[in-house]
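Visitor: Take a look at the following structure, please.
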There are 2 protein chains.
Amino acid sequence: MPEALADAFDDRKPRAAAWFRHLRDDIVAAFEGLEHTAGSSVRFDVTPTNRADGGGGLMSVLRGGAVFEKVGVNLSEVHGTLGDKARAAMTAHGIVMGDGTFWASGISLVAHMANPHCPAVHMNTRMFWTPGASWFGGGADLNPCIEYPADTAHFHSQMRMACDAHAPDYYQRFKAWADSYFFIPHRGRARGVGGIFYDDLATGDWEADFAFTQDVGCAFLPAFAPLVQRRLPTAWTDADRETQLIHRGLYAEYNLVYDRGTKFGLESGHDPAAVLMSLPPVAKWT
Amino acid sequence: MPEALADAFDDRKPRAAAWFRHLRDDIVAAFEGLEHTAGSSVRFDVTPTNRADGGGGLMSVLRGGAVFEKVGVNLSEVHGTLGDKARAAMTAHGIVMGDGTFWASGISLVAHMANPHCPAVHMNTRMFWTPGASWFGGGADLNPCIEYPADTAHFHSQMRMACDAHAPDYYQRFKAWADSYFFIPHRGRARGVGGIFYDDLATGDWEADFAFTQDVGCAFLPAFAPLVQRRLPTAWTDADRETQLIHRGLYAEYNLVYDRGTKFGLESGHDPAAVLMSLPPVAKWT
């Protein structure tokens, strides 16, 4: 990376980190608002997290709400030197690593809902920097245990709008990527009903890639919150709850066996409580 | 491998497979006996399993007992050609692979108990064969969510006896191996209170290695059953149950992130229900 470009990142890193913080604050406020509307007064527990090798974050978890049984929103800004495993994985992805130092910041969110008719959801956007390259990644996907085609269509339409504003092929490409990324090979099925996923996004126009990543973040609440409001009044049975707990087992399986962010977090020494915040409050396996 | 030795395996494979079947039958009968003594009439559900590429097994699961909330005993005899990932892993272990064909048979057991004072337990022994090498592996380890030093001591004493009958250094080596193998790096703690673990055992005397593997299997019931009988009458509280469910989350984490057998099973196309039989019936994450 030329020196002038390297210097540009002195400004870009804090801008990206500030955006993720802003998005986190918006979402946390909106989720507490959903709880309030549902007559519950539970709030997020907010805990700073530390990464042994450098940096840390903010873990926000709301438990036992009327809307959310457990929802976690992680913010992280970390830096240090990548381990051998992470370097090998990135080299395999064709990424020029430089001296192995890195910086990364992002937001990660997983919501497990109280009502089995409300869909669980996952959202994550991040910026990654090494001396040789910088890129964005992320996406959002819906994980209902009881599927409603209208909900799936609404969620996808919001993600499509965010994509279409930036490139005509983004939605098609990133939807296909989500379908393949959130597939559980050993179960021969998808984790949920998809959404979008992208990684290694570095078009050569950092501002455009950053703007896209911001728009994906902005699309999240309009994609998700209306579904919660729509399904929250639906009464649920013991059988619905059982379906939900079994589906959560599948979700835990996916995250522990395949999820790239979880693997990176566990291998790079981030606070395990923050990395595993995505795991469901209760899950079942038959 | 010389031809005469290769021929010897025509006899050894069925002998090993028959032993694992015999051990499975003993354990299944003993566990149903424990349920019967506790006044419960639940029995194992027994299902044949298939592996796409060749072979299969027998999955036996008992659910909702007075003693066992869920216990699975898997028997497998599989063969085929190893995938690239499995070959690379074995080559890294210094194993001569030949043409990539393999045969394996083994028994695998995980018990999740109804009473949080009764320890969960894992046992697995197996024989693996390739044209270039053959070896045994396995072990047994105790996973109490509420620890009793006397139970840990009893379990280890039985494993030590099985080891000491074969080599003076086996117990020390295989206990240390279990301590390191069943350690959860991202949590910085052991999964349970240990036991023994061994792999790639090929001393050059197949009969001796087979006899040792049989003795580990024979040691399992005397190591475990008395602990169940001892703790079953202990009354338990909601807090004990919560401790148990959180500990089970840890167990699921270990199996999905690190366990060698689980990874091999999922990657080699074995029936996922059989591979994941080890997962707890219910688990919690805070």
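The values are calculated or read from the model by the stated rules, or taken from the named source; none is laboratory data. None of these values were measured; they are calculated from a predicted model. Glycine also receives a Cβ, built like all others from the backbone with ideal geometry; neighbour counts cover every protein chain displayed. Side chains included, ligands, DNA and RNA excluded: accessible areas come from the protein's heavy atoms. Shrake-Rupley method; radii C 1.70, N 1.55, O 1.52, S 1.80 Å.
Visitor: Of (1) touching a strand residue (DSSP E or B) at 6+ places or on another chain (Cβ under 9 Å); (2) free of Cβ contacts under 8 Å to residues at least 40 places away in the same chain, A:THR91 satisfies all except one. Which?
Guide: The single condition A:THR91 does not satisfy is (1).
Visitor: Can you name the condition, by its number, that B:ALA219 falls short on among (1) farther than 27 Å from B:SER76 by Cα; (2) open to solvent by less than 50 Å² (accessible area, probe 1.4 Å); (3) away from every other protein chain (no Cβ under 14 Å); (4) touching a helix residue (DSSP H, G or I) at 6+ places or on another chain (Cβ under 9 Å)?
Guide: Here B:ALA219 clears every test but (1).
Visitor: Separate question: Which numbered condition trips up A:ALA225, out of (1) under 18 Å from B:LEU276 (Cα atoms); (2) open to solvent by less than 30 Å² (accessible area, probe 1.4 Å); (3) away from chain B (no Cβ under 14 Å)?
Guide: The single condition A:ALA225 does not satisfy is (1).
Visitor: Hand me the list of strands (runs of 3 or more DSSP E) wholly inside the range A:1-82 holding 2 or more residues that are buried (at least 20 other Cβ atoms within 10 Å of the Cβ).
Guide: A:55-63, A:68-81
Visitor: Still on this structure, please answer the following. Scan the range B:99-125 for residues that are touching a residue at least 60 places away in the same chain (Cβ under 8 Å) and open to solvent by 10 Å² or more (accessible area, probe 1.4 Å) and jot them down.
Guide: Matches in the range B:99-125: B:TRP103, B:SER108, B:HIS117, B:ALA120, B:HIS122, B:ASN124.
Visitor: What are the pairs, 6+ residues apart or on separate chains, where a residue within the range B:228-251 that is β-branched (Val, Ile, Thr) has its Cβ under 7 Å from a residue that is open to solvent by less than 60 Å² (accessible area, probe 1.4 Å) and part of a loop (DSSP other than H, G, I, E, B)?
Guide: Sorted first by the residue in the range B:228-251, then by its partner, the pairs are B:VAL228/B:VAL67; B:VAL228/B:CYS118; B:THR234/B:ASN115; B:THR234/B:HIS117; B:THR243/B:PRO116; B:THR243/B:CYS145; B:THR243/B:ILE146.
Visitor: Identify, please: which residue in the range A:230-253 is open to solvent by less than 40 Å² (accessible area, probe 1.4 Å) and more than 9 Å from chain B (Cβ to nearest Cβ) and is, among those, nearest to the chain's Cα centre (by Cα)?
Guide: Looking at residues that are open to solvent by less than 40 Å² (accessible area, probe 1.4 Å) and more than 9 Å from chain B (Cβ to nearest Cβ), I get A:TYR251.
Visitor: Would you pick out the residues in the range B:43-52 that are closer than 20 Å to B:GLY269 by Cα and within 14 Å of chain A (Cβ to nearest Cβ)?
Guide: Listed by number, the residues that qualify are B:THR47, B:THR49, B:ASN50, B:ARG51, B:ALA52.
Visitor: Criterion first (over 30 Å from A:ALA235 (Cβ atoms), more than 20 Å from the chain's Cα centre (by Cα) and in contact (Cβ under 8 Å) with a residue 40 or more places away in the chain) does A:ASP53 satisfy it?
Guide: Criteria met by A:ASP53.
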